1. If you check Ile92, Ile68, Ile101, Ile47, which single one turns out to be buried (at least 19 other Cβ atoms within 10 Å of the Cβ) and either away from the ligand (no atom under 16 Å from the Cβ) or in a loop (DSSP other than H, G, I, E, B) (or both)?
2. Of the conditions (1) in a loop (DSSP other than H, G, I, E, B); (2) more than 16 Å from the ligand (Cβ to nearest atom); (3) more than 22 Å from Leu307 (Cβ to Cβ), Ser110 clears all except one; give me its number.
3. Looking at the range 79-88, which of the residues that are more than 13 Å from Val103 (Cα to Cα) and touching a strand residue (DSSP E or B) at 6+ places or on another chain (Cβ under 7 Å) is nearest to the ligand (Cβ to nearest atom)?
4. Hey, among Arg138, Arg62, Arg85, which residue is in a helix (DSSP H, G or I), among the charged types (D, E, K, R), in contact with a Ser or Thr (Cβ under 9 Å, 6 or more places away or on another chain) and surrounded by fewer than 16 Cβ atoms within 10 Å (Cβ to Cβ)?
5. Out of curiosity, is Thr125 more than 16 Å from the ligand (Cβ to nearest atom) and touching a strand residue (DSSP E or B) at 6+ places or on another chain (Cβ under 6 Å)?
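Only the coordinates and a few stated rules stand behind these numbers; no lab work does. Computed from a prediction, not measured in an experiment: that's the story for all the values here. We place every Cβ from the backbone using ideal geometry, glycine too, and count neighbours over all the protein chains shown.
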Amino acid sequence: MVLTSWYPHPPPPGAIIYLTHPRFKAIVVFMEAAMKPEPKSLQEAVIYFSNPDNCIDYLAIRRWPNGIVLCPTCGSDKVKFNPNRRVWQCAIHHAKRQFSIKVGTVMEDSAIPLDKWLTATWLVTNCKNGISSYEIARDVKVTQKSAWFMLHRIRLAMKDETFGSKFGKDGGEVETDETFVGGCKVRATVVPNVKRETLQSAILNQVEFGAKLYSDDAVAYNELASLYVHDVVNHAETYVKGRVPTNGLENFWSLLKRGLRGTYVAVEPFHLERYVDEQVFRFNNRKDMNDADRFELAVSQMVGRRLTFAELTGKAGETTN
Ligand SMILES: [Zn+2]
């Protein structure tokens with residue numbers, strides 16, 4: 001077995017190394033790096049990620065799946081791992097030639113160690129009603145302010161990658177209830193008010209022409225009939241029309257509201273979009289995925305996304321304890 005070049009560490013304790021093959025009098029080197037099983041539960045995750053090398057291994061193989069580490073600044077593959085400092089160094093001379101696994105991800109510039117980041121990510125991706133910065137602060141031992149900033153960056157990693165494309169291609173079915181649903185997938189967006197023009201333009205931005213649109217009978221949707229096949233489900237009469245009723249959204253709404261009312265004490269309108277992203281992530285990934293899968297998906301979306309403290313608050317600086 002050849003260890004791939006991203007693998008930054010010597011064989012772990014317990015690696016089996018066969019050196020000779022007596023019958024053919026040839027030397028055969030076979031190294032079996034005992035791959036540690038990845039965590040499947042919160043308890044296993046806490047133990048696994050308490051080893052900083054495990055954190056790097058978990059992240060590196062997802063970031064560079066073919067085993068070639070690329071410098072996030074210049075893209076060169078001429079990089080060397082320094083196991084003592086746990087950073088890579090690029091052979092090309094330029095600024096920031098030393099880089100950690102955090103560089104180029106939502107964790108960049110954070111002094112909070114990886115075990116805290118990954119444990120917090122596990123908690124956020126898997127708790128049904130969301131988790132407050134106060135809980136994260138206690139669970140992974142950071143300040144509430146740090147936890148709040150971490151949570152917002154984890155939510156950015158949870159944001160749906162397909163956001164920006166439209167629902168309802170080729171006449172597909174879309175439900176709307178001041179949120180949008182396509183097939184079994186929720187896309188929610190925060191709008192400043194529920195006036196007709198606002199809702200209609202939000203839908204126009206999200207839904208392809210010709211899609212079958214299901215909504216309640218709010219007057220705001222009336223003019224959409226010319227653009228979409230618009231089927232109204234009247235909430236007042238609780239009958240269900242032949243196809244998908246907007247009741248499909250009730251579950252999503254109740255989870256979102258429970259999180260907003262119960263878990264997060266005060267959510268500013270400015271930040272509402274990210275709380276919604278977080279709930280959408282868990283809702284869309286609730287079926288056929290276990291805790292480890294959801295965690296892995298969020299971690300793999302950490303790369304290429306940044307959210308600085310200044311962007312989040314309009315102020316500079318981060319508390320790192
Ligand atoms: Zn470089």
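1. Numbers: Ile92 fails: buried (at least 19 other Cβ atoms within 10 Å of the Cβ); Ile68 fails: buried (at least 19 other Cβ atoms within 10 Å of the Cβ); Ile47 fails: buried (at least 19 other Cβ atoms within 10 Å of the Cβ).
After applying the criteria, what remains is Ile101.
2. (3)
3. Within the range 79-88, the first condition is being more than 13 Å from Val103 (Cα to Cα), and the residues that meet it are 79-85.
Still in the running and touching a strand residue (DSSP E or B) at 6+ places or on another chain (Cβ under 7 Å): 79-82.
Working: Val79: 7, Lys80: 11, Phe81: 14, Asn82: 15 Å.
Among residues in the range 79-88 that are more than 13 Å from Val103 (Cα to Cα) and touching a strand residue (DSSP E or B) at 6+ places or on another chain (Cβ under 7 Å), the one nearest to the ligand (Cβ to nearest atom) is Val79.
4. Just one listed residue meets the conditions, Arg62.
5. On the way: more than 16 Å from the ligand (Cβ to nearest atom): yes; touching a strand residue (DSSP E or B) at 6+ places or on another chain (Cβ under 6 Å): no.
Against the criterion (more than 16 Å from the ligand (Cβ to nearest atom) and touching a strand residue (DSSP E or B) at 6+ places or on another chain (Cβ under 6 Å)), Thr125 does not qualify.
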